[in-house]
Amino acid sequence: AACLAVASARTFSKKALSTPLARGGGRIVGGTDAYPGEFPHQIMLTRGVGGSLMCGGSIVGSNKVITAGHCCDGMSASKLGVEVGSHNLYEDDPDQASFAVSDVGLHEDYDSWNINNDICMLTLEGSISMGSNVGTIGLPSSMEEYAEGTICTVSGWGTTTEGGSLARVLQKVDVPVVSDDHCRDSYGQADITDSMICAGLDQGGKDSCQGDSGGPFMCGNQLSGVVSWGYGCAEAGYPGVYTQTSYFVDWVNSHM
Ligand code: ARG
């Protein structure tokens, strides 16, 4: 299992805890079904074109998708596929379309040990036809910060409980931002870098989980974060950790 069931607060390995679904390693926990077309930028990153779900991601340009670095790490373009316009995991949706990937742009400073700089830009073969159920999401302004308690939404087809099964319908859940200081109190001072953003309830119960990685974390109508890691899923006292996109605006623009 990707997520350790038992580990003490300061001795867990993030590496093990953040194993992507692809390697045996998240569904939104405590969420509800999204409306069809509610998150037109949401994509499925699949194992090959038309393959099974590996991670989530977001459309940011006609042939550009942002996902998590750990979803791209060690992957060649030929092993990946991107499905746009999906709502049901196991059924064909009207605006669904699959794309091959021509380039995997893993962040140059991605660190698989501390999961820092967990971001990747995929270039697709061909361009996406946009429509009411398929579209881009905008980036935040560079270095934008989010006050503790800001309500953000995260979406994906990841497991609905830790170690459970994937969601059949795209899920969404609202979670409040937890300050870096408070997040460091949970995970340890060195584990949370400034370019990470944490979110979750003190009592747990709502979170992203295995299979959601790479997917969108939205504070308003912008791609504020990318699903990255956490200790288990929806555990009390352990918020979900996201790549804070505002720290990567220049990087993203230079890869467009
Ligand atoms: N690493 C997981 C994945 O690959 C996502 C984990 C998110 N965990 C959390 N507790 N928010 O799908």
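Taking the conditions exactly as written (modelled with pLDDT of 50 or more and closer than 14 Å to residue 158 by Cβ), does residue 21 satisfy them or not? Answer is no for this residue. Are any of the residues in segment 140-155 crowded, with 16+ Cβ neighbours inside 10 Å and more than 15 Å from residue 217 (Cα to Cα)? Checking segment 140-155: not a single residue is crowded, with 16+ Cβ neighbours inside 10 Å and more than 15 Å from residue 217 (Cα to Cα).
For segment 122-147, filtering for residues that are β-branched (Val, Ile, Thr) and more than 20 Å from the chain's Cα centre (by Cα) leaves 1.
Scanning segment 164-207 for residues that are within 12 Å of the ligand (Cβ to nearest atom), closer than 27 Å to residue 83 by Cα and either among the basic types (Lys, Arg) or open to solvent by 10 Å² or more (accessible area, probe 1.4 Å) (or both) yields a count of 2. Select from segment 48-78 the residues that are among the small types (Gly, Ala, Ser) and in a strand (DSSP E or B) and write down the one among them that is farthest from the chain's Cα centre (by Cα). Out of the qualifying residues, it is 61. With the requirement that a residue be more than 10 Å from the ligand (Cβ to nearest atom) and open to solvent by 10 Å² or more (accessible area, probe 1.4 Å), what does segment 219-247 give you? Answer for segment 219-247, where residues must be more than 10 Å from the ligand (Cβ to nearest atom) and open to solvent by 10 Å² or more (accessible area, probe 1.4 Å): 219, 220, 221, 222, 236, 237, 247. Please verify whether segment 133-153 includes one or more residues that are within 13 Å of residue 241 (Cα to Cα) and of a type in the set (Asp, Glu). No, that holds for no residue.
The values are calculated or read from the model by the stated rules, or taken from the named source; none is laboratory data. Note that the structure is predicted; figures quoted are calculated from it, not measured. Note: ideal-geometry Cβ built from the backbone for every residue, glycine included; neighbour counts use all protein chains shown. Heavy atoms of the whole protein, side chains included, go into the accessibility calculation; ligands, DNA and RNA do not. Shrake-Rupley method; radii C 1.70, N 1.55, O 1.52, S 1.80 Å.
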